[in-house]
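See below for the structure under consideration.
Just so it is clear, none of the values below were taken in a lab; they were calculated from the coordinates. What you see is a predicted model; the values in this text were computed from it and never measured. We place every Cβ from the backbone using ideal geometry, glycine too, and count neighbours over all the protein chains shown.
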Amino acid sequence: MHHRRFEVTTLGTGAALPARGRYPTSQLVNVNEGLYIVDCGEGTQERLRELGVNFVRIQRILISHLHGDHYLGLMGLISSMHLMGRKEPLFVHGPPMLKEIIDLQLRASATWLRYPLHFTPTVPESGAEVFADARVRVTALELKHRIPCTGFVFTESPALRSLRKDRVHMIPHFKRQAVKMGEDLQLPGGPHYTNAELTEDPPAQRRYAYCSDTAYEPALVPFIEGVDLLYHEATFTETLRARAKETMHSTAAQAAKLALAADVGKLLLGHFSSRYKSSDELLQEALPIFPRTMLSDEGMTVVVDPRSIV
């Protein structure tokens, strides 16, 4: 596990109407080769196919809320996995009513999935655990939208300690895993070494926060503080601030303000209104407030780097 991978690939950056070559919201998050889909707008499976992603490796799908541009691609993806003969369980996390929607569509087409589909309802409550596996722990964010909407914070599972190169020869093979896990070493009839003498601290746990659809919400700050990467919607510019307020969306400037208040490593903007020919307008509005801002772009991968002290 020398190269611990933590990447976010944008599959869709558009809001509501697919226009100007933008697709509805969806992301693929890879944490040390565990694959997670976050939101699943129409066409998500086509984007995945273009990128050569093996559908069988997708373990979980997280849906933030039940506006169509965030979940209408889900049934297509579930059906394709079935047709491809998937056997591995699929875990879907989303608003409680999503289960009814999935069940109804499977019943209407008389489809009995070839794989177990486990549905877990999400609760839009900041800090609540969504799931944890060997690679990552995901907690919820309570976003401020017209219908219940959950954001997600991905926290990488801690890596094991690494053995010091100049000491590794002193540790018997069968003891190495225990030492990596933090144990001291007592050699039979020999010396005792503390763990600190034999190991180095593991790399820092990286964190990624995803805020899909939300009005400006300072209450999120304590829950996203210091994350390495923050994705935040930026549907409008400040000239349409009233429209943003009415539809419970954010402007690019508001997204940047939140990133600044939470002192995040980098900000990734997305969910652009179809009225903007170029999303550059949105970037230009955010940069003066928060210089470490980037635009989501279809098919683009952003590496979640440990944040450098700036």
- Query: The list [x] 1.26; [y] 0.99; [z] 1.11 gives values of Cα Rg over 2.2 N^0.38 Å, and only one came from this structure; which label was calculated from it?
  - Reply: [z]
- Could you tell me what percent of the DSSP beta bridges with both partners in the chain are antiparallel, to the nearest 5? 55
- Proxy exposure order for His118, His271 (fewest C-beta within 10 Å first) is His118, His271
- Let me know the shape class of region 1-159, please: from the alpha-carbon gyration tensor, a ≥ b ≥ c as square roots of the eigenvalues, rounded when a/c is under 1.5, otherwise prolate if a/b is greater than b/c, or oblate. rounded
- Here, trypsin sites (Lys or Arg not before Pro) of region 271-310 satisfying both criteria (DSSP loop; at most 10 other Cβ within 10 Å) are Lys277
- Query: Under a Cβ-Cβ cut-off of 15 Å, what is the net charge of the residues other than Ala215 that fall near it, where Lys and Arg count +1 and Asp and Glu count -1?
  - Reply: 0
- Those GluC sites (Glu not before Pro) from region 226-281 that are DSSP loop and have at most 16 other Cβ neighbours within 10 Å turn out to be none
- Query: All other residues with a Cβ under 9 Å from the Cβ of Lys266 taken together, and with Lys, Arg as +1 and Asp, Glu as -1, what is their net charge?
  - Reply: 0
- Message: Given an 8 Å cut-off on Cα distances and at least 6 residues of separation, report the relative contact order of the chain as a percent.
- Response: 17
- Query: Residue-wise, which Karplus ³J(HN,Hα) couplings in Hz belong to region 59-69, taking 6.51 cos²θ - 1.76 cosθ + 1.60, θ = phi - 60°, and x for glycine or proline?
  - Reply: 9, 9, 10, 10, 10, 6, 6, 9, 7, x, 5
- Within the set Lys87, Lys144, Lys175, GNM on the chain using Cα springs under 10 Å gives the largest fluctuation to Lys175
- Message: Longer than 30 Å from Cα to Cα, which of Lys165/Lys266; Lys99/Lys257; Lys99/Lys144 are they? Say none if no pair is.
- Response: Lys165/Lys266; Lys99/Lys257
- Extension gain from Thr120 to Asp103, taking 0.36 nm per residue of separation minus the Cα-Cα distance: 4.8 nm
- Item | Gaussian network model of the chain, Cα within-10 Å springs - most flexible of His93, His67, His232 | His67
- Could you go through region 82-90 in sequence order and give the Karplus-derived ³J(HN,Hα) for each residue, using 6.51 cos²θ - 1.76 cosθ + 1.60 with θ = phi - 60°, rounded to whole Hz, and x for Gly and Pro? 5, 5, 7, x, 4, 10, 5, x, 10
- Message: Please give me, ordered by residue number, the GluC sites (Glu not before Pro) of region 1-106 that lie in loop per DSSP and have at most 12 other Cβ atoms within 10 Å.
- Response: Glu33
